[in-house]
Structure formats: C-alpha cells, structure tokens
Amino acid sequence: MSSADDLDAYESRLELDLYREYKDVVNIFAYAVETERRFYLCNAVDLKVRTEGGDVYYEVSLGDAWVWDMYRPSRFVKSAKVLTFRDVSIEEIQHTDLEVPETK
C-alpha cells in the first residue's frame, strides 16, 4: 500500500469511530447546531446577530457540548463560542421515550 492509501484508510477508521461515538452520545443532548465548519451537539445554545462596520455575523454560544471533529483529542467541551458570517442551523433534538418492542 502506498502512504496515500494508508492515510485514506486511517481517516476512514477515524470517521467511522466518530460516527459510532455520535450514535452513543446524541441522546444526552438537546440541540444539534451546524455551522459551515463544524457540527455540534449541546444542551444550551444562544444565537446572537452582531453587526460591525456594516457586516453582519453570528455569535453562537454553546454549553455542555460535543464537537464533531475527528482530529480533536477530546470532543466534549464545557462551553464554546463560534463566530461566523455564514448560516447557522439550530435544531432541537426530538427524543422519544417510546421503544418499539422486539418481535419474537
């Protein structure tokens, strides 16, 4: 294998591990937040629209958050602040208490 193939395989493993971690933790969070650079899960979110010199940007404050980033050594953060000129998507995660029984 070439080193490019090794790197691709390594990144594929990291992405799969990240997806598995996401599936394990998504139920402990209330919100999903997406910016142009990152995806976050969090339990507190505050979005403020700011203007400066005629430019509009968004300030997103997150509390008790998990960051979708396969290169971070620790994806859990107590708080984070994101500044962006691009769109921000905030969705409340719907948790269902109803479990479908297994068929026998």
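For the stretch 1-16, the candidate set comprises residues that are among the polar types (S, T, N, Q) and part of a helix (DSSP H, G or I); within that set, the residue that is modelled with the lowest pLDDT is S3. Scanning the stretch 29-67 for residues that are at pLDDT 95 or above, open to solvent by 80 Å² or more (accessible area, probe 1.4 Å) and under 20 Å from E15 (Cβ atoms) gives a single hit, E34. Determine whether Y31 is in contact (Cβ under 8 Å) with a residue 60 or more places away in the chain and of a type in the set (S, T, Y). For Y31, the condition - in contact (Cβ under 8 Å) with a residue 60 or more places away in the chain and of a type in the set (S, T, Y) - is met.
The values are calculated or read from the model by the stated rules, or taken from the named source; none is laboratory data. These figures come from a predicted structure and were not determined experimentally. Note that each Cβ is placed from the backbone with ideal geometry, even for glycine, and that neighbours are counted across all protein chains shown. Quick note on the areas: whole protein, heavy atoms, side chains included, nothing else; ligands and nucleic acids left out. Shrake-Rupley method; radii C 1.70, N 1.55, O 1.52, S 1.80 Å.
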